[in-house]
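The values are calculated or read from the model by the stated rules, or taken from the named source; none is laboratory data. As the structure is a computational prediction, the values presented were derived from the model and not from experiment. Note that we place each Cβ from the backbone using ideal geometry, even for glycine, and neighbour counts take in every protein chain shown.
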Amino acid sequence: MTILLSGSTSGIGWETLKTLYDQADQWILPLRNLKKAESLFQELPDQDRLKLYPMDLSSIKQTHQVAEQIKVNHPNIDVLINNAGGMFPGGKKTQEGLDMTFAVNHLGPFTLTKQLLPCLSKENSKVIYVSSEAHRIPGLDLNDLLLENYTSTITAYGAVKLFNILTSKYLKDIGYQTYSLHPGAVKTAFGAETDPISKAIIRATQLFFISPRKGAETTIFLTKTPIKNLDSGAYYVRKKVKKPSKLAQSKSLSTKLWNQSEEALKNLGL
């Protein structure tokens, strides 16, 4: 089995990698900090099965380029886990002029997944999105799906977690085996790059957060469970299907988001 996992060097990504390590003959690991990864992965046996690709999801052009490399080197991928993400100050922009929260949590994973679709079997491969119950946060502007005018950290994060579910839904509608999930409120370094108010909220509630190992359980469940026993396109919480928000169930919105994401790539020359 070949598994691609983003965000593997911390939090639930690292717990996912450690727990599922023996399930895969090959791990494709696009990651931002190569030095950190090489140090962290020393505890893993048989490191020949690890294929590391330096990649920053905030750079859509780099993500596109790395995805092309992966496509050439790994023509068959069994499981693609879009785990990496982050919360950033509202209005923060990438070097390409995109909203940082939008780029890292949606357009980066969108680019990676879209480029790798030829490597995925519609019948036998899985695409998994780590979303969040934050997708229920209100305030999405249906006329600004690229988050060009968002100033609220929390609202922007809720929007991109909704986009994870909508992208999963779109892929399901075109025939792929795909799932989204809420990992729980996990005690990690998540939110370290966001604004002071959001950091304070996160710190104040961390006493009630679960461990990264606990947070990885639904990702692990979806990876290991046979496709015949899963519900493609569904949103999972605590390893069970849960009904997402009304917006997350909208076929027209999932199509609109997909089309506008493709247009965003074209505007970047991709």
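When the residues of the range 220-236 are filtered to those that are under 17 Å from the mean Cα position of the chain (by Cα) and over 13 Å from Y129 (Cβ atoms), which remaining residue is surrounded by the most Cβ atoms within 10 Å (Cβ to Cβ)? Only one residue tops the list, namely I220. Please work out which residue is nearest to the chain's Cα centre (by Cα), limiting yourself to the range 107-132 and to residues that are modelled with pLDDT of 95 or more, farther than 14 Å from K169 by Cα and polar (S, T, N, Q). Checking each candidate, the answer is T111.
Note on the range 137-153: among residues that are in contact (Cβ under 8 Å) with a residue 60 or more places away in the chain and touching a Gly at 6+ places or on another chain (Cβ under 9 Å), the one that is nearest to Y179 (Cα to Cα) is L140. Only a single criterion out of (1) more than 28 Å from H74 (Cα to Cα); (2) touching a Lys or Arg at 6+ places or on another chain (Cβ under 8 Å); (3) among the hydrophobic types (A, V, I, L, M, F, W, C) is not satisfied by C119, namely (1).
How many residues, within the range 124-159, are charged (D, E, K, R) and assigned to a loop (DSSP other than H, G, I, E, B)? Walk me through how you get there before you give the answer.
Let us first name the residues in the range 124-159 that are charged (D, E, K, R), namely 126, 133, 136, 141, 144, 148.
Cutting the leftovers down to assigned to a loop (DSSP other than H, G, I, E, B) gives us 141, 144, 148.
Here the count works out to 3.
Please find, among T111, T101, T16, the residue that is over 20 Å from L181 (Cβ atoms) and either crowded, with 18+ Cβ neighbours inside 10 Å or in contact with a Gly (Cβ under 9 Å, 6 or more places away or on another chain) (or both). Don't jump to the end; show me each part of the working.
Working: T101 fails: over 20 Å from L181 (Cβ atoms); T16 fails: over 20 Å from L181 (Cβ atoms).
Step by step, each of T111, T101, T16 is checked, and only T111 is over 20 Å from L181 (Cβ atoms) and either crowded, with 18+ Cβ neighbours inside 10 Å or in contact with a Gly (Cβ under 9 Å, 6 or more places away or on another chain) (or both).
From L5, L44, grab the single residue that is farther than 14 Å from G108 by Cβ and either buried (at least 17 other Cβ atoms within 10 Å of the Cβ) or basic (K, R) (or both). Give the steps one after another, and end with the answer.
Details: L44 fails: either buried (at least 17 other Cβ atoms within 10 Å of the Cβ) or basic (K, R) (or both).
So the residue among L5, L44 that is farther than 14 Å from G108 by Cβ and either buried (at least 17 other Cβ atoms within 10 Å of the Cβ) or basic (K, R) (or both) is L5.
Total residues in the range 208-248 satisfying the condition of being touching a helix residue (DSSP H, G or I) at 6+ places or on another chain (Cβ under 9 Å), assigned to a loop (DSSP other than H, G, I, E, B) and either closer than 23 Å to A24 by Cβ or not charged (D, E, K, R) (or both): the figure is 10. Here is the figure for the range 16-44: residues that are among the charged types (D, E, K, R) and modelled with pLDDT of 95 or more total 3.
When the test is whether a residue is charged (D, E, K, R), surrounded by fewer than 22 Cβ atoms within 10 Å (Cβ to Cβ) and at positive phi, D56 does not pass it.
Scoring A216 on the criteria (1) within 16 Å of Y129 (Cα to Cα); (2) at pLDDT below 95; (3) surrounded by fewer than 20 Cβ atoms within 10 Å (Cβ to Cβ) leaves a single failure, condition (3).
Entry remark, the range 120-139: residues being more than 24 Å from G7 (Cβ to Cβ) and crowded, with 21+ Cβ neighbours inside 10 Å number 0 in total.
Working only within the range 140-170, note down all residues that are closer than 16 Å to S6 by Cβ and not polar (S, T, N, Q). Correct list: V160, K161, F163.
So which residues in the range 28-59 are among the polar types (S, T, N, Q) and either in contact with a Leu (Cβ under 6 Å, 6 or more places away or on another chain) or under 17 Å from T2 (Cβ atoms) (or both)? Once the filter is applied, which keeps residues that are among the polar types (S, T, N, Q) and either in contact with a Leu (Cβ under 6 Å, 6 or more places away or on another chain) or under 17 Å from T2 (Cβ atoms) (or both), the range 28-59 yields only Q47.
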